[in-house]
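The values are calculated or read from the model by the stated rules, or taken from the named source; none is laboratory data. Keep in mind that what you see is a predicted model, and the values were worked out from it rather than measured. Ideal geometry is used to build each Cβ from the backbone, glycine not excepted, and the neighbour counts take in all protein chains shown.
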Amino acid sequence: MSATHSPVSAFLRTVTVMTETAFAVHQTARPHGFPTPRHFAFVESPMPEPGPGTALVENLFWSVDPYHREMMDADFALNAPLEGRTLGRVVDSRHPALREGEIVFHRQGWRTHTVVTPDEARAVPHFDGVPLSAHLSILGGTGLTAYVGLTRIAEFREGQDIFVSAAAGGVGTATGRLARLMGAGRLVGSAGRPEKAAYLTEHVGYDEVFDYHSGPAAELLAQAAPDGIDLYMDNVGGEHLEAAISSLREYGRIVRIGTISQYNSTGTPYALRNLPDIVEKSLRIDGFLVRNYLDVQEELYEFVVPHLQSGRIMLDETVVDGFDGIVDGFLGMLRGENRGKIIVRAAGADV
């Protein structure tokens, strides 16, 4: 039986029948500007069967991330399942390294079931008192990005003052919590809504957060950090990056993580007007891909897990229930509707 496109209503009617049918989300067209539900399709197919050396995984949690939008322009194949960080349970194995009942992490996301090899999946450790979803937020690629950015790229030192853009997102909340644990001085962030700013100062550990809709970023940052900053963790680019360059002290550092402000833009990219400051103040700008630092994963566990267990770190997650909500969750994240990391959870997941 060939795969057929299935509307969400049909998906909802059949989602409980998991013994014969699997579902995936395909990208069907390249967006020009902000994507819409019309750029995606829920696709129904027979349940995949594991062959020798593989295992069938029933997916339980899915990560939707800003980088997915960038990849929609050219990297994702059309009319094929989208990739993404995912946690699932091995339900049928043909390889001793993938034990049935084990929870594994893999990147074949945006589908209810998938077949993986031992090279494509790794077992997720169990930590008492730590929810499984943490392996997609502060213990996953999101937290690893923040940790690597601070410790390896910025070479952060205790007492330094930090500015974080998109501070209410997954990486932004993780950066704030980790930086506070590491002894940050003044911790300043930007967010797109006043309620997000309040959450960051009341719960995450930021000293001040400004709503970037309320005025020019350079003026707002100068007010929030009148004595300047030592480090900028850049998730946005554009006007925020220009503001940070102006506020950075001599020998300051910029860690480039993402460029959210340009992902849906159809116009000319923002032109920085203060590039000479990089030379005059001896600033350093570094970018990185977290996939090149997977060897730091165990170090992240050692640093963060005890604080999760003690309650010193809380999870910043927005959870969408049901695989049928994955597209809406992704689009909502692009609109800034999430607080912390946005995660999609399988309906009825008992973990």
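Taking the stretch 191-220 as the region of interest, how many residues are assigned to a loop (DSSP other than H, G, I, E, B) and either within 15 Å of S247 (Cα to Cα) or of a type outside the set (D, E) (or both)?
6
Of all the residues that make up the stretch 23-44, how many are crowded, with 20+ Cβ neighbours inside 10 Å and either touching a residue at least 60 places away in the same chain (Cβ under 8 Å) or outside the structural domain of P81 (by TED's automatic domain parsing) (or both)?
Matching residues across the stretch 23-44 total 6.
Checking Q223 against (1) in contact with a strand residue (DSSP E or B) (Cβ under 7 Å, 6 or more places away or on another chain); (2) part of a helix (DSSP H, G or I), only one condition comes out false. Which one?
For Q223, the failing item is (1).
Is there any pair linking a residue in the stretch 88-101 that is assigned by TED's automatic domain parsing to the domain that holds W62 and of a type in the set (K, R) to one that is in a loop (DSSP other than H, G, I, E, B) and crowded, with 18+ Cβ neighbours inside 10 Å, with Cβ under 6 Å and at least six apart or on different chains, and which?
Taking only residues 6 or more apart or on different chains, the pairs are R94/P50; R94/T54.
Can we say D75 is among the charged types (D, E, K, R), closer than 30 Å to L144 by Cα and either in the same structural domain as I260 (by TED's automatic domain parsing) or without any contact (Cβ under 8 Å) to a residue 12 or more places away in the chain (or both)?
The answer is yes for D75.
Residue by residue, here is whether (1) without any contact (Cβ under 8 Å) to a residue 40 or more places away in the chain; (2) in contact with a Leu (Cβ under 6 Å, 6 or more places away or on another chain); (3) over 26 Å from L60 (Cα atoms) holds:
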residue	(1), (2), (3)
E250	yes, no, yes
I257	no, no, yes
P276	yes, no, yes
S282	yes, no, yes
G311	yes, no, no
L331	no, no, no
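Only one of S310, S282 is at pLDDT 95 or above, more than 30 Å from F34 (Cβ to Cβ) and assigned by TED's automatic domain parsing to the domain that holds Y199. Can you tell me which?
Only one candidate passes the filter, namely S282.
I'd like the residue in the stretch 272-313 that is farther than 18 Å from F156 by Cα and of a type in the set (V, I, T) and, out of all such residues, is surrounded by the fewest Cβ atoms within 10 Å (Cβ to Cβ).
Across the stretch 272-313, the extreme among qualifying residues is V279.
If you take the residues of the stretch 245-271 that are surrounded by fewer than 19 Cβ atoms within 10 Å (Cβ to Cβ) and charged (D, E, K, R), which of them is nearest to T173 (Cα to Cα)?
R256
So, of the residues in the stretch 78-135 that are within 21 Å of the chain's Cα centre (by Cα) and of a type in the set (D, E), which turns out to be modelled with the lowest pLDDT?
That would be E83.
Filtering the stretch 313-322 down to residues that are aliphatic (A, V, I, L, M) and in contact (Cβ under 8 Å) with a residue 40 or more places away in the chain, which residue is farthest from G205 (Cα to Cα)?
Per the criteria, the residue is V319.
Counting residues that are touching an Asp or Glu at 6+ places or on another chain (Cβ under 8 Å), which strands (runs of 3 or more DSSP E) fully inside the stretch 29-124 reach at least 3?
86-93
Check L136, L144, L178 and return the single one that is buried (at least 22 other Cβ atoms within 10 Å of the Cβ) and within 20 Å of T201 (Cβ to Cβ).
L178
What about M333, is it of a type in the set (A, V, I, L, M) and under 16 Å from the mean Cα position of the chain (by Cα)?
So M333 passes the test.
Can you tell which of Y199, Y212 is farther than 23 Å from T259 by Cβ and buried (at least 19 other Cβ atoms within 10 Å of the Cβ)?
Going through Y199, Y212 in turn, the sole match is Y199.
Can you name every residue in the stretch 158-190 that is outside any helix (DSSP H, G or I), among the small types (G, A, S) and touching a residue at least 40 places away in the same chain (Cβ under 8 Å)?
S165, A166, A167, A168, G169, G185, S190
Looking at the stretch 60-82, which of the residues that are in contact with a helix residue (DSSP H, G or I) (Cβ under 8 Å, 6 or more places away or on another chain) and of a type outside the set (A, V, I, L, M, F, W, C) is surrounded by the fewest Cβ atoms within 10 Å (Cβ to Cβ)?
Only one residue tops the list, namely E70.
Say whether the condition of being buried (at least 17 other Cβ atoms within 10 Å of the Cβ) and among the basic types (K, R) is met by at least one residue in the stretch 323-342.
Yes, that holds for at least one residue.
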